[in-house]
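Working notes, structure below.
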Number of protein chains: 2
Amino acid sequence: MAHDEPQRVLLAHGGGGQLTSQLIRELILPHLKNEALSSLGDSACLELASTSICLTTDSYVVKPLFFHGGDIGKLAVCGTINDLAVAGSRPVALTLSLIVEEGFEMGLLERILESIGRTARESHVSIVTGDTKTVERGSADGVFINTAGIGIRLPGVNPGLDRIAVGDRILINGTIGDHGMTIISQREGIRFESRLASDCAALADLTCRLFEQAGGVKFMRDATRGGLAAVLNEMVEGADFGIEIRDTDIPIKPSVQAAADMLGFDVLNIANEGKFVAVVSPATADACLSICRSHPLGRDAALIGEVVASQGAPLVELRTKIGGKRIVQMPYGRELPRIC
Amino acid sequence: MAHDEPQRVLLAHGGGGQLTSQLIRELILPHLKNEALSSLGDSACLELASTSICLTTDSYVVKPLFFHGGDIGKLAVCGTINDLAVAGSRPVALTLSLIVEEGFEMGLLERILESIGRTARESHVSIVTGDTKTVERGSADGVFINTAGIGIRLPGVNPGLDRIAVGDRILINGTIGDHGMTIISQREGIRFESRLASDCAALADLTCRLFEQAGGVKFMRDATRGGLAAVLNEMVEGADFGIEIRDTDIPIKPSVQAAADMLGFDVLNIANEGKFVAVVSPATADACLSICRSHPLGRDAALIGEVVASQGAPLVELRTKIGGKRIVQMPYGRELPRIC
């Protein structure tokens, strides 16, 4: 029955010799092809369009590796693109580094690489250089991926916490909690009536439009680990303003809310992988909203609150349906390990 | 006795909430401080000195984490600097991404971060952005590190395989096999009379001098996984030339040779972490050698062979002490998993 056995990754695939070379040429390159990568140097040489760049990195350890709406490969490309996008840049080049556990199915690795290649092409970024390491069975959990990336800063665009002022509006490009609740429900083996799906998406096309067309975007961050609550709390930390958001204006899918209620999570703390939070000037808020709503990744966009004067410590507060207020704290971080 | 227990990394340290923020501020930032990093955005914004850059990435999974001559942190900084350096660039900025196993000793993590910070400072590169992930106990082996990096290409310097010509000389900046034999002997718990030490070092200062002062450097690569044998074989792959090296001219420490003989390894296949192989024009070979020898990281530099006309398939051949010739093959890759 040996012929039915799936091909598996061997330790020697990470040894830097014949098998590494074969893995790169036969499995990796076909999915990621581009001129810079094909030279197979230890570094990619690039000619950038500007000297003003953004640089970012993220490692991805999500479990399970494949989930409704995406997989670790798509996530690794989108996540790094989004970090570059919200900083006010247009992503151009990514690096890709794999740590693979001995015995991992070659077929699964190929699915992941195919997903990485497709997502990168769709987002007009190139994977220009990479690295492959292997570790013994039991020394990693399947595959971990690191992507680092370079973006070219958009001319005249300079988002920063220091530009935020009382009266500015808080904009989000759609529903929250989709990614995190999808992962946790798949992990727990729970099926909900309407199947949940991750919002995993590359946001650069939308964010570049917003920065370039609207003008009044003062700050932007993607709401990943720690969810909306973490992003808003990072904004007010050490600031002389607070943030007030309105419960009724925050877009949440009923199925996501139901799953969170059932499992005892606060959706505000749940990770997203295709959502940004933007602070926009009051004068441009409606224009920003309509730019979002005319884009496939912003159809459910909403203005969910304001920057307010702080009395004492700067707080994030949620105005509830019945008119009360509660403080939204920085999550502790224990909610969901390996969410991305 | 709880007060004697070492502090350990918790899953929540990677959750993106309070504990992640605390880990970054209290443990990571103090060792890596610089302006770009301190803004703690998801991306670092940089103003480069040129639009011509090199970009690279490597993940490090070395075992053991601490070894004679270095540790995984020093290795992660030096390795990425070296990939940028041999491509003909001056490294300027690195990213740092940690994957930490739950329960890893906080004190060890701090030692690694301290080493990363020191190595980066000594090499005049900044760690400008980063990421921290945690995985459950048993899902990784202590800590894995990814560093990606940007280098500014040296003006007028354009190394490439296509520039290599018959008659060019092969230069190496010192003894081979030190890193790999150190790791394997520590792993096997073998003590040799003279203690082995890794050659782990950042080569950019030396390589920039060579590229800028000598002019005749046509190609350069660092001899890491797969050792000297892998680098030379990569050079001849698909080429219309061969490479001949001379056994007697290759610098090898007697203790390294003894360890390799005893354990059954071919030193040519053993990883280095502070060695480059350069192809230099015959006219500049002596100048290149003397630039190396006047630098602390090139004291044992040697011209070890030549580029030769190939008869049929391009081969790497070793001329032995007694005048014979043997083919140096691309190593299979099984020699030493987790060497870097």
Could you tell me whether region A:209-227 includes any residue that is in a helix (DSSP H, G or I), over 16 Å from A:ILE164 (Cα atoms) and polar (S, T, N, Q)?
-> yes
Is it true that some residue in region A:59-70 is among the polar types (S, T, N, Q) and outside any strand (DSSP E or B)?
-> no
Does B:THR182 satisfy the condition of being buried (at least 24 other Cβ atoms within 10 Å of the Cβ), under 30 Å from A:ILE150 (Cβ atoms) and not small (Gly, Ala, Ser)?
-> no
Got a number for residues in region A:84-102 being open to solvent by 10 Å² or more (accessible area, probe 1.4 Å) and more than 20 Å from A:ALA201 (Cα to Cα)?
-> 2
So B:GLN213 fits all but one of (1) open to solvent by 30 Å² or more (accessible area, probe 1.4 Å); (2) under 25 Å from B:LEU336 (Cα atoms); what number is the exception?
-> (2)
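Looking only at region B:44-70, which residues are touching a Gly at 6+ places or on another chain (Cβ under 7 Å) and facing chain A (nearest Cβ under 7 Å)?
B:ILE53, B:CYS54, B:THR56, B:THR57, B:ASP58
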Just to be sure, is A:ASP222 open to solvent by 50 Å² or more (accessible area, probe 1.4 Å) and closer than 20 Å to B:ASP42 by Cα?
-> no
Reported set for region B:294-340 where residues are within 14 Å of chain A (Cβ to nearest Cβ), on the phi < 0 side of the Ramachandran plot and in contact (Cβ under 8 Å) with a residue 24 or more places away in the chain is B:VAL316, B:VAL328, B:GLN329, B:MET330, B:PRO331, B:GLU335, B:LEU336, B:ILE339, B:CYS340
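Answer yes or no as to whether B:SER194 is of a type outside the set (A, V, I, L, M, F, W, C) and over 21 Å from the mean Cα position of the chain (by Cα).
yes
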Selection status of B:ARG187, open to solvent by 10 Å² or more (accessible area, probe 1.4 Å), more than 21 Å from the chain's Cα centre (by Cα), among the basic types (Lys, Arg) and over 23 Å from B:CYS54 (Cβ atoms) = no
How do the pairs read when you match residues in region B:249-273 that are under 15 Å from B:LEU318 (Cβ atoms) with residues anywhere that are open to solvent by 20 Å² or more (accessible area, probe 1.4 Å) and part of a helix (DSSP H, G or I), using Cβ under 8 Å and keeping only pairs 6 or more apart or on different chains?
-> B:VAL267/B:GLN257
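Looking only at region A:163-173, which residues are surrounded by 24 or more Cβ atoms within 10 Å (Cβ to Cβ) and in contact with a Lys or Arg (Cβ under 8 Å, 6 or more places away or on another chain)? Spell out how you get there, then give the answer.
Initial filter on region A:163-173 (surrounded by 24 or more Cβ atoms within 10 Å (Cβ to Cβ)): A:168, A:170-173.
Passing the criteria: A:ASP168, A:ILE172, A:ASN173.
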Would region A:286-293 turn up any residue that is buried (at least 21 other Cβ atoms within 10 Å of the Cβ), within 14 Å of chain B (Cβ to nearest Cβ) and among the hydrophobic types (A, V, I, L, M, F, W, C)?
-> no
Members of region A:71-90 found to be part of a strand (DSSP E or B) and more than 10 Å from chain B (Cβ to nearest Cβ), listed by number = A:ASP71, A:ARG90
Strands (runs of 3 or more DSSP E) wholly in region A:121-204 with at least 2 residues that are within 13 Å of another protein chain (Cβ to nearest Cβ) - which ones?
-> A:126-135, A:143-153
Go through region A:56-73 and count every residue that is more than 26 Å from B:GLU101 (Cα to Cα) and open to solvent by less than 50 Å² (accessible area, probe 1.4 Å).
-> 1
Criterion (of a type in the set (Gly, Ala, Ser), assigned to a loop (DSSP other than H, G, I, E, B) and at pLDDT 95 or above) met by exactly one of A:GLY305, A:GLY312, A:GLY298 = A:GLY298
Give the residues of region A:74-83 that are open to solvent by less than 30 Å² (accessible area, probe 1.4 Å) and either in contact with a helix residue (DSSP H, G or I) (Cβ under 7 Å, 6 or more places away or on another chain) or of a type in the set (Gly, Ala, Ser) (or both), sorted by residue number.
-> A:ALA76, A:VAL77, A:CYS78, A:GLY79, A:ILE81
Hits in region B:29-45 (condition: hydrophobic (A, V, I, L, M, F, W, C) and open to solvent by less than 20 Å² (accessible area, probe 1.4 Å)) = B:LEU32, B:LEU37, B:ALA44
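How many residues, within region A:14-38, are touching a Ser or Thr at 6+ places or on another chain (Cβ under 9 Å) and either at pLDDT below 85 or within 7 Å of chain B (Cβ to nearest Cβ) (or both)?
Of the residues in region A:14-38, 8 are touching a Ser or Thr at 6+ places or on another chain (Cβ under 9 Å) and either at pLDDT below 85 or within 7 Å of chain B (Cβ to nearest Cβ) (or both).
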Out of the residues in region B:106-118 that are open to solvent by 10 Å² or more (accessible area, probe 1.4 Å) and within 18 Å of B:VAL61 (Cβ to Cβ), state the one that is farthest from the other protein chains (Cβ to nearest Cβ).
-> B:ARG111
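The values are calculated or read from the model by the stated rules, or taken from the named source; none is laboratory data. These numbers were taken from a predicted model, which means no experiment stands behind them. With ideal geometry, Cβ positions are generated from the backbone for all residues, glycine too; neighbour counts draw on all protein chains shown. All accessible areas refer to the heavy atoms of the entire protein, side chains included, with ligands and DNA or RNA removed. Shrake-Rupley method; radii C 1.70, N 1.55, O 1.52, S 1.80 Å.
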